[in-house]
Amino acid sequence: MSDSTPLETLLKEDRSFTPSAAFQQRSKYANPSLYQEAQSDPFAFWEKFANQLDWMEPFSEVCTWKPSDPDFSEAKWFVGGKINACYNCVDRHAAGSRADKIAIIAEGEPGEVVKLTYQDLKVEVCKVANALKELGIKKGDRVCIYMPMVAELPIAMLACARIGAMHNVVFGGFSANSLHERICDSQAKVLITADGGFRRGNVVPLLKISREAVEMGTSSLEKVLVLERVGSKMPETTQLDSKLEVWWHDLVTSQSSECPCEPMESEDLLYMLYTSGSTGKPKGIVHSTGGYLVGTYTTTQIVFDLQEDDIYFCTADCGWVTGHSYTVYGPMANGATVVVYEGAPDTPDKDRFWRMIEKHKVTILYTAPTAIRSFMKWGTEYPNRCDLSSLRLLGSVGEPINPEAWIWYHEVIGTERCPIVDTWWQTETGAIMVTPLPAITATKPGSATHPFPGIQVGILDEAGHDISQEHSGGEIGGYLAITKPWPSLTRGIYGDPERFKQVYWSRFPGKYFPGDGVKRDEEGYLWLLGRVDDIMLVAGHNISTMEVESALVDHHSVAEAAVIGKKSDIKGQSIAAFVILKSGIESGPQLIADLKTHVAAKIGALARPDDIFITAELPKTRSGKIMRRLLRDVAEGRALGDTTTLADPAIVNSLKAQYEDKEG
Ligand code: ATP
Ligand code: MG
């Protein structure tokens with residue numbers, strides 16, 4: 001962003017959706033006084049929820065931070081308390097009224113369904129925990145997990161938490177190189193993997209890839225525990241290497257079903273996890289035990305209005321933070337029934353999610369804009385052939401949701417009945433930070449609305465002044481910052497304290513800087529505008545990529561768009577758009593002219609794209625986020641930056657070739 005102009009706010013959205021009376025009546029959190037209560041004493045607010053968890057030793061102080069502290073590094077949460085995350089997610093339910101309640105409904109891509117009650121889950125987790133102990137894992141050790149999204153993945157995570165080992169889950173789509181890097185970086189002693197997993201009708205050869213990673217050499221790895229998932233479908237890995245590898249069914253099945261939970265200090269680390277890599281080389285983020293659990297427990301309960309009979313389906317893989325916080329720790333700390341799905345949303349057909357919702361009577365669906373845009377591209381016939389009437393709440397996470405995608409989600413999936421929570425947060429924040437509360441907030445498509453109760457945000461200008469304090473009305477835009485500590489904030493980047501300081505704390509000392517731009521409209525709603533690195537400076541105006549993308553997606557022929565600022569001698573940057581058309585739409589000079597006119601009419605001439613490039617695909621991270629920095633590299637003819645988390649390198653290479661062809 002330039003220092004002369006604040007962030008322009010171009011997109012206007014007048015549609016607003018209030019929670020229905022029926023939804024409000026059922027909700028425990030329909031009273032807006034929740035915000036005032038948390039605002040007036042955030043520590044007391046968090047303490048109230050912390051006290052709903054089971055502590056082995058009570059904490060003596062909620063948080064050590066004082067307003068006079070220069071930054072959050074002194075913020076220790078629930079000090080003196082001892083707690084075990086697995087105990088809170090499993091044992092306390094298994095020992096109580098939820099013993100026979102279904103904890104996990106796991107559906108494999110081929111279609112088989114496994115259901116585990118909380119009692120079953122406890123037995124499985126204890127066995128894996130004992131197996132890990134037999135492999136020499138102790139409190140404080142690191143365990144790398146590289147598995148398909150089957151029930152054994154959350155089981156392995158919880159087993160680590162039970163014995164105080166940090167897990168480091170690596171998404172099953174990553175290459176041997178990335179896996180190797182993550183094993184080495186975390187100094188993992190054990191790798192838990194599977195012979196394979198099912199994805200889009202194919203077998204992902206996880207053990208084969210694991211072997212390649214191990215062969216690259218690691219100084220820490222002692223054993224590889226292998227779940228048999230695909231068997232003879234992967235003939236190369238039906239035999240194990242007897243020195244290093246051991247079958248899950250040989251080691252785990254015979255273990256005792258009792259295993260004590262390790263008492264952990266509240267600040268002891270629970271896990272490490274790499275960010276998606278949208279903006280550069282991924283960061284190995286670590287999370288604490290007590291604060292993280294309180295953050296995820298509280299937000300799950302309030303944001304998803306979670307109730308005892310809900311069937312909750314978060315479509316994120318446990319390879320991402322969403323799978324950690326909102327498939328495993330948050331929902332299970334609340335004793336929820338969670339649906340876990342192994343495969344792709346279009347296998348065997350493009351209605352897979354909708355079939356699952358119908359079959360398992362899912363009430364809460366939490367998914368990502370990238371998925372919603374694919375569903376839009378595929379068309380309404382797929383959801384329309386299924387009974388989605390069990391749904392009562394929808395969520396979105398991962399990227400800004402374009403208003404048109406929001407409306408589609410609302411109308412086609414939510415059949416205009418279900419509130420939508422657009423939740424802004426990051427791997428680093430551990431839990432949801434900006435979000436509607438479904439029984440309280442009137443939502444606007446594309447706005448994540450307000451900070452979660454107890455979270456304090458600021459909007460900063462280039463000099464770090466909090467303009468949200470100075471301007472009471474009117475629209476403002478700038479850098480998002482979080483100005484007070486909260487329990488689930490990351491405790492750092494594993495093994496790299498310098499990078500941690502530099503990335504999040506150096507630009508605006510004393511405040512947490514997530515790296516995203518934001519605007520606040522005159523009604524006080526927050527609109528997340530994407531990464532500040534992506535913000536374009538066009539003829540002296542700062543313009544967010546998200547607003548131009550949303551204006552393009554608003555056109556009836558466009559399915560998806562990525563916008564970048566490209567160096568220009570005249571304007572500083574010129575706007576280039578990469579656009580995917582809806583199926584059946586023909587490209588041509590007239591359409592391109594129409595799209596430019598549409599953007600200018602929708603949000604202003606200033607934002608009119610100089611170049612529009614029609615493409616079949618966009619470069620995305622393996623978690624499905626658009627990697628604009630690679631598009632900038634393509635447009636400016638540079639060598640590509642870090643591509644280790646790029647889902648499909650072929651896409652960016654073909655874009656590069658096409659682009660050079662056109663420019664040349
Ligand atoms: P890296 O940090 O490696 O570049 P990443 O930021 O994509 O990767 P995550 O932690 O998975 O990794 O994603 C967090 C980011 O995703 C946020 O900083 C924000 O830019 C974006 N994001 C998440 N949810 C939303 C949302 N509801 N609205 C807008 N943006 C969102
Ligand atoms: Mg990030």
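The values are calculated or read from the model by the stated rules, or taken from the named source; none is laboratory data. Remember, it's a predicted structure, so these values are computed and weren't measured experimentally. As a convention, Cβ positions derive from the backbone with ideal geometry for all residues, glycine included, and neighbour counts pool all protein chains shown. We work out accessible area using only protein heavy atoms, side chains counted, and drop any ligands, DNA or RNA first. Shrake-Rupley method; radii C 1.70, N 1.55, O 1.52, S 1.80 Å.
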Formal net charge of residues neighbouring Cys144 (Cβ-Cβ distance under 10 Å; K, R +1; D, E -1): +2
Over segment 487-624, volume per residue of the alpha carbon convex hull, in Å³: 177 Å³
Residues of segment 515-529 with amide N under 11 Å of the 7 Å Cα→Cβ point at Ser16: 522-525
Cα-based shape type of segment 462-521, given that a ≥ b ≥ c are square roots of the gyration tensor eigenvalues and the cut on a/c is 1.5: prolate
Accessible surface, per residue, of segment 1-66 when the full set of protein chains is kept, probe 1.4 Å, Å²: 60 Å²
Residue (of Trp424, Ala159, Leu132) at the positive-pole extreme of the chain, dipole from beta-carbon charges: Leu132
Qualifying aspartates and glutamates (Cα of each under 12 Å from Cα of Lys28; at least 8 residues distant if same chain): Asp305, Glu308
Solvent-accessible heavy-atom area per residue, rounded to whole Å², over segment 517-574 at 1.4 Å: 30 Å²
Average projected area [Cα convex hull, segment 65-162], square nanometres: 9.4 nm²
Full-stretch length increase - Asp100, Glu112 - with 0.36 nm per residue and alpha-carbon distance subtracted: 2.2 nm
Asp241 accessible area, 1.4 Å probe, all protein chains in place, Å² to nearest 10: 60 Å²
The chain, helix-only ellipticity at 222 nm - DSSP H runs n ≥ 4, -39,500 (n - 2.57), divided by all residues, nearest 500: -8000 deg cm²/dmol
Nearest-10 value in Å² for the accessible area of Leu191, using the 1.4 Å probe: 0 Å²
Isolated Cys in the chain, by beta carbon distance under 4.7 Å: Cys63, Cys86, Cys89, Cys144, Cys160, Cys184, Cys261, Cys314, Cys318, Cys386, Cys418
For segment 263-278 versus segment 354-408, the gap between their alpha-carbon centres in whole angstrom: 30 Å
Percent accessible area from carbon and sulfur atoms, the chain, protein chains only, probe 1.4 Å: 49 percent
Environment charge at Met356 (Cβ cut-off 14 Å; Lys +1, Arg +1, Asp -1, Glu -1): -2
Euclidean distance between Cα centres, segment 245-260 to segment 83-117, Å: 18 Å
Charge dipole (segment 539-663, unit charges on Cβ, about Cα centre) - positive-most of Leu655, Leu591, Ala539: Ala539
Centre separation in Å (Cα based) which lies between segment 165-231 and segment 303-328: 24 Å
Those aspartates and glutamates that a straight Cα-Cα span of less than 17 Å connects to Lys377, excepting residues fewer than 8 apart in one chain: Asp346, Asp349, Asp351, Glu404, Glu411, Glu549, Asp554, Glu560, Glu586, Glu617
Segment 355-483 shape via C-alpha gyration tensor axes, a/c threshold 1.5: prolate
Distance in nm between pseudo-label sites at Gln25 and Ser256 (7 Å out along the Cβ direction from Cα): 5.3 nm
Theoretical FRET efficiency, 1/(1+(r/R0)^6), r = Cβ-Cβ of Gln39 and Lys501, R0 41 Å, to 0.05: 0.90
Gyration tensor verdict on segment 141-183 (Cα atoms; rounded if a/c is under 1.5, prolate if a/b is larger than b/c, oblate otherwise): oblate
Neighbour cut-off at most 15 other Cβ (10 Å), DSSP loop, trypsin sites (Lys or Arg not before Pro), segment 142-245: Arg200, Lys243
Convex hull volume per residue in cubic angstrom - Cα atoms of segment 21-520: 141 Å³
Segment 242-370 - accessible surface per residue (Å², probe 1.4 Å): 26 Å²
Cβ-placed point charges (K, R +1; D, E -1), dipole of the chain about Cα centre in debye, nearest 20: 500 debye
Förster radius 30 Å - calculated FRET efficiency between Asp661 and Asn177 (Cβ-Cβ, nearest 0.05): 0.50
Within the chain, longest stretch clear of exposed GluC sites (Glu not before Pro) (DSSP loop, no more than 14 other Cβ within 10 Å): 1-111
Surrounding net charge for Arg499, when Lys and Arg each add one and Asp and Glu each subtract one, Cβ distance under 13 Å: -1
Cross-link table Lys122/Lys511; Lys283/Lys582; Lys223/Lys283; Lys48/Lys501, entries beyond 29 Å C-alpha to C-alpha: Lys122/Lys511; Lys283/Lys582; Lys48/Lys501
